[in-house]
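Reviewing the structure listed below.
The values are calculated or read from the model by the stated rules, or taken from the named source; none is laboratory data. Only a predicted model underlies this, so the values are computations on that prediction, with no experimental measurement involved. Note that we place each Cβ from the backbone using ideal geometry, even for glycine, and neighbour counts take in every protein chain shown.
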Amino acid sequence: MNSIFSIHTIRFVVLVFVQVLILNHINFSGYINPYIYILFIALFPVKNNRIVLILLSFLLGLTVDMFLDTGGIHAGACVFIAYVRPLILKSSFGMIYEHQSIKFNTVEFGSKLTYFTLLTVIHHFVLFSLEIFSVSRILLILQKTLFSSIFTILLSVIVTIIFSRKTK
């Protein structure tokens, strides 16, 4: 139990620091900004309590908001994806999720990619909707969501491939 707690604590801290110190300074043509910190929510164990995930997601988003001075938009987007995560898990993994036996290192790549894609696009859409907060600018919201999502998904897949433990 302690090793699991420490792994998630380290993941939380490392992802926040990578996001704040490196990735927030990447801004290609005003539309592409990767948000890799959502990997904490994506890779959080399925069997753990949902309320704990929602609270940790709020803390994650609030921490990023404090560093970026963004007024709570990251916290709102993180809480939203933590809340809808069971639906995304069920649509991505099907019966494996029903039996609570998802191990992210052992699931097939297509299901994992679907899961990361859905989670990322929803997060980014909520994030940019809260940031821009104007229905008349919906094309800008969709444009930022699309481009940032593509870059975030690519980085997420690369990071999970590099840091995944091989199970035999």
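Could you tell me which residue of segment 112-168 is nearest to the chain's Cα centre (by Cα), considering only residues that are among the aromatic types (Phe, Trp, Tyr) and surrounded by 17 or more Cβ atoms within 10 Å (Cβ to Cβ)? The selected residue is Phe116. Which one of these does Val18 not meet: (1) surrounded by fewer than 18 Cβ atoms within 10 Å (Cβ to Cβ); (2) modelled with pLDDT under 90; (3) out of contact with any Pro (no Cβ under 7 Å at 6 or more places or on another chain); (4) under 16 Å from Ser156 (Cα atoms)? The failed condition is (2).
Being surrounded by fewer than 19 Cβ atoms within 10 Å (Cβ to Cβ), modelled with pLDDT of 90 or more and not in a helix (DSSP H, G or I) is a property that Thr70 has.
Any idea which residue in segment 24-67 is farthest from Tyr83 (Cα to Cα), counting only those that are in a helix (DSSP H, G or I) and at pLDDT below 85? Step by step, filter segment 24-67, then rank; the result is His25. Leu62 fails exactly one of the following numbered conditions: (1) loosely packed, with under 15 Cβ neighbours inside 10 Å; (2) free of Cβ contacts under 8 Å to residues at least 40 places away in the same chain; (3) under 19 Å from Leu15 (Cα atoms). What is the number of that condition? With (1) loosely packed, with under 15 Cβ neighbours inside 10 Å; (2) free of Cβ contacts under 8 Å to residues at least 40 places away in the same chain; (3) under 19 Å from Leu15 (Cα atoms) applied to Leu62, the lone miss is (1). For His74, the criteria (1) over 12 Å from the mean Cα position of the chain (by Cα); (2) at negative phi hold in every case but one, which is (1). Here's a check for you: in segment 84-136, which residue that is of a type in the set (Gly, Ala, Ser) and not in a helix (DSSP H, G or I) is modelled with the highest pLDDT? Across segment 84-136, the extreme among qualifying residues is Ser134. Please verify whether Ile81 is part of a helix (DSSP H, G or I), in contact with a Phe, Trp or Tyr (Cβ under 6 Å, 6 or more places away or on another chain) and of a type in the set (Val, Ile, Thr), treating the condition exactly as stated. No; evaluated as a whole, the condition is false for this residue.
Cβ-Cβ contacts under 6 Å between residues 6 or more apart (or on different chains), taken from a first residue in segment 21-38 that is closer than 15 Å to His123 by Cβ to a second residue that is in a loop (DSSP other than H, G, I, E, B) and of a type in the set (S, T, N, Q), are listed as Asn33/Asn27.
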